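Asker: Provided herewith is a single structure, encoded as structure tokens, for subsequent inquiry.
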Amino acid sequence: MHDLNQLNAWKSLNNHYNEIKNISLNKLFKDDTNRFNNFSLNFNNMLIDYSKNHINKKTLSLFKNLLTEININQKIKKFFDGKKINFTENRAVMHYLLRGSYSKNNKKIYKNDVEKSLNKIKKISDKINSQKLLGYSGKRIKNVINIGIGGSDLGPKMACEALKYYSNRKIHLFFISNIDPTNLKETLRDLNAKESIFIISSKSFGTIETLTNATIAKKWFLDKSSNNNLDKHFFGVTRNVKKAKEFGINEENIFPIWNWVGGRYSLWSPVGLPISIQIGFNNFNKMLEGAKNMDNHFRTKPFENNIPIIMACIGIWYNNFHNYETHAIFPYDEYLKLFPNYLQQADMESNGKSITKNNNKTNYETGPIIWGDKGTNGQHAFFQLIHQGTKIIPSDFIGFVNSLNKIDNSHEMLLSNLIGQTKALMEGKSENEVKKTINQEKNNGINIDSIIKSKSFEGNKPSTTILFDKLTPYNLGKLIALYEHKIFVQGCIWNINSYDQWGVELGKELSHEVCENLNSNKINNNLDSSTNGLINFYKKTRS
């Protein structure tokens, strides 16, 4: 427990910020010809270049002091020892255990529960991929429909898209999350019930969106089939085995999960069953191994060589001292197009908090707004604002040296855009440089000064670049775990609980109340005038 603003290292960082805030990135590079080597790390064919950030050696030294002052090593140990760090729900946080990163305190849980779960995931995904698991009619399974929301949707959907190259093309995966009936109807429109299985993924088996969609899917299956038995077509991933059985799912088809697995960190668990089905269990296991590799790196490496810790500190630097409110993620790979969406939940649901562990309201900023898109699409959309707008947006650029789909020199063009954008953001373009490129005789009557000013760029925009050798299941596991640990460290610094999500729960409660009023003929005078007005408009207008 600590009051962040009262820490000596925090005060020193604030003084240091005032000392270097006006030093440009170009000057930092000019003053240190070896800056790239001093501010980059290479870890098992993974390069992180953080040299294009507004930091120097003193910045990192002061952050090291901060982490010492909050005793980060003890916090990391408590995390991996399975202590109940989610104190508002009295739960341990042990998603790392799902990939084999156990300590002596929780080795027994891994051996007794996790290994059993992994074997069950392997058994089912192997049977589907080998066509030994057939539907009630004897037809092979071609369609796997995952019904979940939040972490039960975003995680597996992102990973399945990211690893599509490694997929079994005979199996078609679909994800239903939205309560909007269009999502469900469009997915089921052309599917054959005899060739389809459903995975109902809900930790509580009580999430209204998931249960509503699951109930509709169940009715669709029963209407379309000549068999009332769901045994070969419905699977459940849940803590609430009893409710899953009441729904009609055979207990053998239920994959239990544990209260120490948060939804947004659950893709490593049976929630990741669709991933294992799509890419095969061996590749799924490689993804777990990659994450375990990053776990070991995070647990053992000192501050100077610890990638998640350094990224966390850079994020704090911008969020709390520079007061930059957003952070952008730009994966330069089509397969990773859902990665920014995934990180939105992982980061903002974790660190979007305003109450400290001391039960006080924070008097400093916590989690940033996470957003982004795949490159190079973003360059032709919102990069204009990043380059020349009034907001500074720290950005992570993620790329792969080798393409999985080599066609001519397209991949080289993609990577040159990635590297070129980070260079342009940093360097900018001065008015004198613009003048050299203008043909004054062919300005079509446009004022030259206007052209010069409009084509100049201030630069000095920060970015971090992460490069891997290739997009593999192993490397995807490393990448996801890197951001998980970054989020953990930032939560430790902000002294907040990164593992509850009461804001999500409030939204669920209020939606139940509104739903009751939408379906009632009575007027509820206890609601505010806006809510009542919207409900009344709905009742008058619905057909």
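The values are calculated or read from the model by the stated rules, or taken from the named source; none is laboratory data. These numbers come from a predicted model, not from an experiment. Virtual Cβ from ideal backbone geometry, glycine too; neighbours counted across all protein chains shown.
Asker: Where the second residue is assigned to a helix (DSSP H, G or I) and the first is more than 15 Å from Ile200 (Cα to Cα) and lies in the range 218-231, which pairs have Cβ atoms under 6 Å and are six or more apart or on separate chains?
Answerer: Listed pairs, sorted by first residue: Lys224/Ala193; Ser225/Ala193.
Asker: Would you list the helices (runs of 4 or more DSSP H) that sit entirely within the range 149-229 and hold 3 or more residues that are more than 28 Å from the chain's Cα centre (by Cα), loosely packed, with under 14 Cβ neighbours inside 10 Å and at pLDDT 90 or above?
Answerer: Once the helices (runs of 4 or more DSSP H) in the range 149-229 are filtered for at least 3 residues that are more than 28 Å from the chain's Cα centre (by Cα), loosely packed, with under 14 Cβ neighbours inside 10 Å and at pLDDT 90 or above, what remains is 208-224.
Asker: I would also like to ask the following. Out of the range 383-439, which residues are on the phi > 0 side of the Ramachandran plot and acidic (Asp, Glu)?
Answerer: Once the filter is applied, which keeps residues that are on the phi > 0 side of the Ramachandran plot and acidic (Asp, Glu), the range 383-439 yields only Asp408.
Asker: Considering only the range 45-85, how many residues are outside any helix (DSSP H, G or I) and either crowded, with 18+ Cβ neighbours inside 10 Å or without any contact (Cβ under 8 Å) to a residue 40 or more places away in the chain (or both)?
Answerer: 17
Asker: Counting only residues that are within 19 Å of Ala424 (Cβ to Cβ) and not small (Gly, Ala, Ser), which one in the range 40-58 is farthest from the chain's Cα centre (by Cα)?
Answerer: Of everything passing the filter in the range 40-58, His54 is farthest from the chain's Cα centre (by Cα).
Asker: Being surrounded by fewer than 19 Cβ atoms within 10 Å (Cβ to Cβ) and either at pLDDT 95 or above or under 30 Å from Asn296 (Cβ atoms) (or both) narrows it down to one residue among Lys470, Lys461, Lys442; which is it?
Answerer: Lys470
Asker: Then there's this: Can you find a residue that is closer than 21 Å to Ala346 by Cα, surrounded by 14 or more Cβ atoms within 10 Å (Cβ to Cβ) and of a type in the set (A, V, I, L, M) anywhere in the range 448-455?
Answerer: Within the range 448-455, none of the residues are closer than 21 Å to Ala346 by Cα, surrounded by 14 or more Cβ atoms within 10 Å (Cβ to Cβ) and of a type in the set (A, V, I, L, M).
Asker: Output yes when any residue across the range 279-300 is in contact with a Leu (Cβ under 8 Å, 6 or more places away or on another chain) and under 17 Å from Ile147 (Cα atoms), and no when none is.
Answerer: Scanning the range 279-300, I find no residue that is in contact with a Leu (Cβ under 8 Å, 6 or more places away or on another chain) and under 17 Å from Ile147 (Cα atoms), so the answer is no.
Asker: Taking Asn146 and the conditions (1) in contact (Cβ under 8 Å) with a residue 40 or more places away in the chain; (2) not in a strand (DSSP E or B), which numbered condition does it fall short on, given that it satisfies the others?
Answerer: Going through (1) in contact (Cβ under 8 Å) with a residue 40 or more places away in the chain; (2) not in a strand (DSSP E or B) one by one, Asn146 breaks only (2).
Asker: Right, another one. Which condition number in (1) touching a Phe, Trp or Tyr at 6+ places or on another chain (Cβ under 8 Å); (2) aliphatic (A, V, I, L, M); (3) not in a strand (DSSP E or B) is the one that Val489 fails?
Answerer: (1)
Asker: Can you pull out the residues in the range 335-345 that are in contact with a Leu (Cβ under 9 Å, 6 or more places away or on another chain) and either part of a strand (DSSP E or B) or surrounded by fewer than 23 Cβ atoms within 10 Å (Cβ to Cβ) (or both)?
Answerer: If the condition is that a residue be in contact with a Leu (Cβ under 9 Å, 6 or more places away or on another chain) and either part of a strand (DSSP E or B) or surrounded by fewer than 23 Cβ atoms within 10 Å (Cβ to Cβ) (or both), then Tyr335, Leu338, Asn341, Gln344, Gln345 are the ones that fit.
Asker: Residues in the range 52-69: is at least one touching a strand residue (DSSP E or B) at 6+ places or on another chain (Cβ under 8 Å), in the same structural domain as Ser12 (by TED's automatic domain parsing), at negative phi and modelled with pLDDT of 95 or more?
Answerer: yes
Asker: Mind listing just one residue for me: the one in the range 232-254 that is of a type in the set (A, V, I, L, M) and free of Cβ contacts under 8 Å to residues at least 24 places away in the same chain and, of those, nearest to Leu118 (Cα to Cα)?
Answerer: Ile254
Asker: Given the options Asn5, Asn15, Asn22, name the one that is polar (S, T, N, Q), at pLDDT 95 or above and part of a helix (DSSP H, G or I).
Answerer: Criteria check complete, one pass: Asn15.
Asker: Sticking with this one: May I ask you to list the residues in the range 243-290 that are in a helix (DSSP H, G or I), buried (at least 22 other Cβ atoms within 10 Å of the Cβ) and among the aromatic types (Phe, Trp, Tyr)?
Answerer: Tyr265, Phe284
Asker: I'd like the full set of residues that are in a loop (DSSP other than H, G, I, E, B) and hydroxyl-bearing (Ser, Thr, Tyr), limited to the range 346-372.
Answerer: The answer is Ser354, Thr362, Tyr364, Thr366.
Asker: Among the residues of the range 291-309 satisfying the criterion of being hydrophobic (A, V, I, L, M, F, W, C) and closer than 30 Å to Ser167 by Cβ, which is surrounded by the fewest Cβ atoms within 10 Å (Cβ to Cβ)?
Answerer: Looking at residues that are hydrophobic (A, V, I, L, M, F, W, C) and closer than 30 Å to Ser167 by Cβ, I get Ile307.
Asker: How many residues does the range 372-395 hold that are among the hydroxyl-bearing types (Ser, Thr, Tyr) and either over 18 Å from Leu343 (Cβ atoms) or surrounded by fewer than 17 Cβ atoms within 10 Å (Cβ to Cβ) (or both)?
Answerer: The total comes to 2.
Asker: From the list Glu246, Glu195, exactly one residue is acidic (Asp, Glu) and out of contact with any Lys or Arg (no Cβ under 9 Å at 6 or more places or on another chain). Which is it?
Answerer: Going through Glu246, Glu195 in turn, the sole match is Glu246.
Asker: Name the one entry in Ala312, Ala328 that is assigned to a strand (DSSP E or B) and either within 20 Å of Thr465 (Cβ to Cβ) or among the hydroxyl-bearing types (Ser, Thr, Tyr) (or both).
Answerer: Ala328
Asker: Another question, if that's okay. Any residue at all in the range 513-522 that's without any contact (Cβ under 8 Å) to a residue 12 or more places away in the chain, surrounded by fewer than 21 Cβ atoms within 10 Å (Cβ to Cβ), of a type in the set (A, V, I, L, M) and not assigned by TED's automatic domain parsing to the domain that holds Ser395?
Answerer: no
Asker: List the residue pairs whose Cβ atoms are under 7 Å apart, where the first residue sits in the range 404-427 and is of a type in the set (Ser, Thr, Tyr), the second is modelled with pLDDT of 95 or more, and the two are 6 or more positions apart or on different chains.
Answerer: From residues that are of a type in the set (Ser, Thr, Tyr), the pairs are Thr422/Lys52; Thr422/Phe397; Thr422/Ser463; Thr422/Thr465.
Asker: Next question, about the same structure. Name the pairs: first residue in the range 287-308 and farther than 19 Å from Gly272 by Cα and in the same structural domain as Lys478 (by TED's automatic domain parsing), second residue of a type in the set (Ser, Thr, Tyr) and at pLDDT 95 or above, Cβ to Cβ under 6 Å, at least 6 apart or on different chains?
Answerer: Taking only residues 6 or more apart or on different chains, not a single pair turns up.
Asker: Mind telling me which of the residues Ile369, Ile398 ends up being in contact (Cβ under 8 Å) with a residue 24 or more places away in the chain, of a type in the set (A, V, I, L, M, F, W, C) and buried (at least 22 other Cβ atoms within 10 Å of the Cβ)?
Answerer: Just a single option satisfies the conditions, and that option is Ile398.
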